[in-house]
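These notes concern the structure reproduced below.
The values are calculated or read from the model by the stated rules, or taken from the named source; none is laboratory data. As the structure is a computational prediction, the values presented were derived from the model and not from experiment. Cβ placement follows ideal geometry from the backbone for every residue including glycine, while neighbour counts extend to all protein chains displayed. Keep in mind that these areas ignore ligands, DNA and RNA; they rest on the heavy atoms of the full protein, side chains included. Shrake-Rupley method; radii C 1.70, N 1.55, O 1.52, S 1.80 Å.
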Amino acid sequence: VGYIGSFSYSYTQETRRNESRASAFPGPTPAQASPVNVYTGETGRESVLWGGLLNLSTRLGASTKLSLNNSLTRTADNEATRLTGFYEQNAVNLDLTRLTFVERNVRSNQLVGEHLLGERHFLDWSATASGVKRNEPDRADLIYVARDDGSGNLVPDFWWGANRSADRTFSSIDETGYEGALNYRLSLGALNA
């Protein structure tokens with residue numbers, strides 16, 4: 001019996017300050033594009049990743065080998081973003097807040113068989129099940145009209161009330177795949193070559 005296994009885990013925290021986001025208004029050339037709706041702010045994020053693999057194999061007699069290969073990876077990101085800037089289409093200062101949590105999962109399981117049938121015949125097969133998932137259970141976006149607090153900083157004043165200025169979205173993706181394979185090989189020529 002042979003085996004191999006591993007486990008990994010990581011946890012990180014990140015803060016991105018003085019972030020800047022904008023749309024681009026095309027110019028005569030790509031280098032002459034001008035930014036519009038420029039927002040600046042910061043993002044805080046926590047991320048967790050853990051996963052592992054476990055592979056097992058054994059021989060049944062002198063002519064059969066079975067293997068079981070498994071892997072799993074899970075990640076999660078919890079993020080908060082706050083940006084302020086000038087929305088040019090409506091000539092108003094805005095304060096934008098976004099809260100997101102996203103989790104992802106990738107797994108694979110495979111069973112493999114290898115069989116020597118006599119001296120010239122070889123048969124191998126495999127059956128695989130794999131899956132991916134992405135779940136965003138609650139993303140919240142909130143936009144306020146902002147005012148200058150007298151020191152050059154934009155602070156939220158009142159809810160903007162325009163279309164999509166208070167959104168909550170939910171999304172989930174789940175995909176599973178199955179695969180099978182069967183191969184036969186016949187060796188020709190002298191056996192001692």
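Count of segment 33-73 residues, restricted to those that are over 27 Å from the mean Cα position of the chain (by Cα) and polar (S, T, N, Q), is 7.
Just for segment 11-37: of the residues that are in contact with a Gly (Cβ under 7 Å, 6 or more places away or on another chain) and over 30 Å from Thr75 (Cα atoms), which one is surrounded by the fewest Cβ atoms within 10 Å (Cβ to Cβ)? Among them, the one singled out is Ser34.
Sort out which residues of segment 80-111 are under 23 Å from Asn153 (Cα atoms), charged (D, E, K, R) and under 24 Å from the mean Cα position of the chain (by Cα), and write them in order of number.
Residues satisfying the conditions are Arg82, Arg98.
Of all the numbered requirements in (1) part of a strand (DSSP E or B); (2) surrounded by 10 or more Cβ atoms within 10 Å (Cβ to Cβ); (3) under 37 Å from the mean Cα position of the chain (by Cα), Tyr178 misses one, and that requirement is (2). Scan segment 22-37 for residues that are in a strand (DSSP E or B) and in contact with a Ser or Thr (Cβ under 8 Å, 6 or more places away or on another chain) and the total you get is 5.
Counting only residues that are surrounded by 14 or more Cβ atoms within 10 Å (Cβ to Cβ), small (Gly, Ala, Ser) and either out of contact with any Phe, Trp or Tyr (no Cβ under 9 Å at 6 or more places or on another chain) or not in a strand (DSSP E or B) (or both), segment 66-101 holds 3 of them.
If you go through segment 38-65 and keep only what is part of a strand (DSSP E or B), of a type outside the set (D, E, K, R) and open to solvent by 50 Å² or more (accessible area, probe 1.4 Å), you end up with Val38, Thr40, Leu49, Trp50, Leu53, Leu54, Leu56. Total residues in segment 102-122 satisfying the condition of being open to solvent by 60 Å² or more (accessible area, probe 1.4 Å), assigned to a strand (DSSP E or B) and farther than 18 Å from Leu56 by Cβ: the figure is 5. Whenever a residue of segment 50-64 is under 25 Å from Tyr9 (Cα atoms) and at pLDDT 95 or above, its partners that are open to solvent by 40 Å² or more (accessible area, probe 1.4 Å) and not in a strand (DSSP E or B), lying with C-beta atoms within less than 9 angstrom and at least six residues away or across chains, give the pairs Leu56/Val1. Can you find, within segment 155-171, the residue that is least open to solvent (accessible area, probe 1.4 Å) among those that are assigned to a strand (DSSP E or B) and among the hydrophobic types (A, V, I, L, M, F, W, C)? This residue is Val155.
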